[in-house]
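The values are calculated or read from the model by the stated rules, or taken from the named source; none is laboratory data. These numbers were taken from a predicted model, which means no experiment stands behind them. Backbone-built Cβ (ideal geometry, glycine too); neighbour counts: all protein chains shown.
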RNA sequence: GGCCCCGUCGUCCAGAGGCCUAGGACGCUGGGUUUUCAACCCAGAAACGCCGGUUCGAAUCCGGUCGGGGCUGCCA
């Protein structure tokens, strides 16, 4: 069994293509088959090396690898259609010679018989039948001698011995043309599978009009490749038992093209975001810290200082529990960075009370003489002082939170103070008290 | 217009004639926990597009209808 994905490098890899690649990959891996990636760049004007690079890079990022094709090589050259124009031209001319195609204003059209019909079994759609009277003679070689998609794709699928073609439903109506070509070339017709399309929230084919749907954009939003992989699996397929979060190996073990739904799925990022949060929480603590620090550095566009890393390390376990994407990090940990510090005025006004101010002053004094600035000591000190002043937790803790983190929304208070350290905490308290 | 595909909660999926007073997840609403925000726990609202037929029995099979979508390029 041999499957393929044949992206056209006319744009960055988008989520629809990634999902088609994923299903092909899963099916190949599930059946010990071969997975091939080739580049369908017959549209030389719109194709670019930048896009080829992007496609390769993002397949890898998602954990999709291939056994044959672009970059990894194989018995058929470089797996780029732009390098095989001679081959396609030769085929087109041979078809003309056999009277199966003819010239038309410089281009070559395939001669479609007016009678009969083409039938085939589609894995997701069952028996398909197209009347040939509805199929026009289609161009296989343009007047500039470059091949059209129909020719190049079909010739490649034959030459590379593809056994199962799983592609988007948008090409379903072109399939009779491809089968006709294969028969004209005396090739075996592979098994077809037309996967449901991915729609945008408006119920139309996912495209640029739905905003940036490139895999890149999700990477930049701080999504984990594992989460995106998992989420894409669920668009048109489920492994059973209502299981939704699962590993790559589990997906491979359970995957079957026969079980893919025929109806289109709307790509809605809400659940993807939730799933990403689940994955973030499941990362090993140390691995999380490592990627968190990298993300912060890239968002800050600078390297972190030793002291910052020291502080961040302390807060990370708490932060890991409250992230949806890696990009949500900065607002949570900003108060620990050597960056300009501001107190949100609105937040401050909503927590500022005379009792609260007194509380701030007294914990400041107590902190000054606290020898071991440990988490438990901090908590005990702050709770004791609350009791001594007979204040509700909210009154004392919220004003302390705003004073120290700058906002009402932050990681847990004691952890935040502990992470900031004694000096930092005293400085923040001093600053707010003096500005009262 | 023509050809084709599709139709279960707002969304993703379960359901392959009786297990369905239709299940899970996200989201939403209410509650619990709580110093904030999350996380977590509990509860709730929420769907078989419609009409016929087959059958003792249909979300499941058939027909029609309506609705949505795709293709209809010397793009793929």
Selection over segment A:376-416 where residues are more than 6 Å from RNA strand B (Cβ to nearest atom), exposed (fewer than 15 other Cβ atoms within 10 Å of the Cβ) and under 15 Å from residue A:347 (Cβ atoms) yields a count of 0
Restricting segment A:187-209 to residues that are more than 20 Å from the chain's Cα centre (by Cα) and under 26 Å from residue A:158 (Cβ atoms), the one surrounded by the fewest Cβ atoms within 10 Å (Cβ to Cβ) turns out to be A:188
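One line per residue, one yes/no per condition, for (1) within 16 Å of RNA strand B (Cβ to nearest atom); (2) at pLDDT 95 or above:
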position	(1), (2)
A:255	yes, yes
A:261	yes, yes
A:272	yes, yes
A:280	yes, yes
A:288	yes, yes
A:298	no, no
A:322	yes, no
Within 8 Å of RNA strand B (Cβ to nearest atom) and modelled with pLDDT of 95 or more, is that true of residue A:139?
yes
Within segment A:116-127, residues being in contact (Cβ under 8 Å) with a residue 60 or more places away in the chain and not in a loop (DSSP other than H, G, I, E, B) number 4
Residue pairs qualifying under the 7 Å Cβ cut-off, at least six apart or on distinct chains, with the first in segment A:391-420 being in contact (Cβ under 8 Å) with a residue 40 or more places away in the chain and the second being within 6 Å of RNA strand B (Cβ to nearest atom) and part of a helix (DSSP H, G or I), are A:400/A:413; A:401/A:413; A:408/A:398; A:408/A:401; A:410/A:401
> Mind checking whether some residue in segment A:59-66 is at pLDDT below 95, closer than 30 Å to residue A:262 by Cβ and away from RNA strand B (no atom under 14 Å from the Cβ)?
Replying inline: no
The condition of being part of a helix (DSSP H, G or I), more than 10 Å from RNA strand B (Cβ to nearest atom) and within 18 Å of residue A:312 (Cβ to Cβ) holds, among A:419, A:430, only for A:419
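Residue under question is residue A:131, and the condition is that it be surrounded by fewer than 18 Cβ atoms within 10 Å (Cβ to Cβ) and modelled with pLDDT under 95; does it hold? Write out each step before concluding.
Numbers: surrounded by fewer than 18 Cβ atoms within 10 Å (Cβ to Cβ): yes; modelled with pLDDT under 95: yes.
Against the criterion (surrounded by fewer than 18 Cβ atoms within 10 Å (Cβ to Cβ) and modelled with pLDDT under 95), residue A:131 qualifies.
In this structure, is residue A:223 assigned to a loop (DSSP other than H, G, I, E, B) and out of contact with any helix residue (DSSP H, G or I) (no Cβ under 6 Å at 6 or more places or on another chain)? Outline the logic, then answer.
Details: assigned to a loop (DSSP other than H, G, I, E, B): yes; out of contact with any helix residue (DSSP H, G or I) (no Cβ under 6 Å at 6 or more places or on another chain): no.
Considered against the rule, which asks whether it is assigned to a loop (DSSP other than H, G, I, E, B) and out of contact with any helix residue (DSSP H, G or I) (no Cβ under 6 Å at 6 or more places or on another chain), residue A:223 comes out as no.
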Looking across segment A:214-238 at residues that are surrounded by fewer than 20 Cβ atoms within 10 Å (Cβ to Cβ) and within 8 Å of RNA strand B (Cβ to nearest atom), the single one that is nearest to residue A:60 (Cα to Cα) is A:234
*asked:* Could you go through segment A:351-363 and let me know if any residue there is away from RNA strand B (no atom under 12 Å from the Cβ), part of a loop (DSSP other than H, G, I, E, B) and surrounded by 15 or more Cβ atoms within 10 Å (Cβ to Cβ).
replied: yes
Expected single match for within 18 Å of residue A:412 (Cα to Cα) and assigned to a helix (DSSP H, G or I) among A:294, A:312 is A:312
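Conditions tested, residue by residue: (1) closer than 30 Å to residue A:22 by Cβ; (2) touching a strand residue (DSSP E or B) at 6+ places or on another chain (Cβ under 9 Å).
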{"residue": "A:69", "(1), (2)": "yes, yes"}
{"residue": "A:92", "(1), (2)": "no, yes"}
{"residue": "A:97", "(1), (2)": "no, no"}
{"residue": "A:101", "(1), (2)": "no, yes"}
{"residue": "A:105", "(1), (2)": "no, no"}
{"residue": "A:139", "(1), (2)": "no, yes"}
{"residue": "A:150", "(1), (2)": "yes, yes"}
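Under the condition of being more than 42 Å from the chain's Cα centre (by Cα) and farther than 15 Å from residue A:130 by Cβ, which residue from segment A:103-119 is farthest from RNA strand B (Cβ to nearest atom)? Lay out the reasoning, then the answer.
Going residue by residue through segment A:103-119, those that are more than 42 Å from the chain's Cα centre (by Cα) are A:103-106, A:111, A:113-116.
Those left that are additionally farther than 15 Å from residue A:130 by Cβ: A:103-106, A:111.
Details: A:103: 10, A:104: 7, A:105: 4, A:106: 5, A:111: 14 Å.
By that ranking, first place goes to A:111.
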When every residue in segment A:254-273 that is closer than 20 Å to residue A:240 by Cα and part of a helix (DSSP H, G or I) is compared, the one farthest from the chain's Cα centre (by Cα) is A:258
Among residues of segment A:142-177 being part of a loop (DSSP other than H, G, I, E, B) and over 31 Å from the mean Cα position of the chain (by Cα), the residue farthest from RNA strand B (Cβ to nearest atom) is A:145
Residue count, segment A:44-88, condition on the phi < 0 side of the Ramachandran plot, in a loop (DSSP other than H, G, I, E, B) and surrounded by 16 or more Cβ atoms within 10 Å (Cβ to Cβ), comes to 5
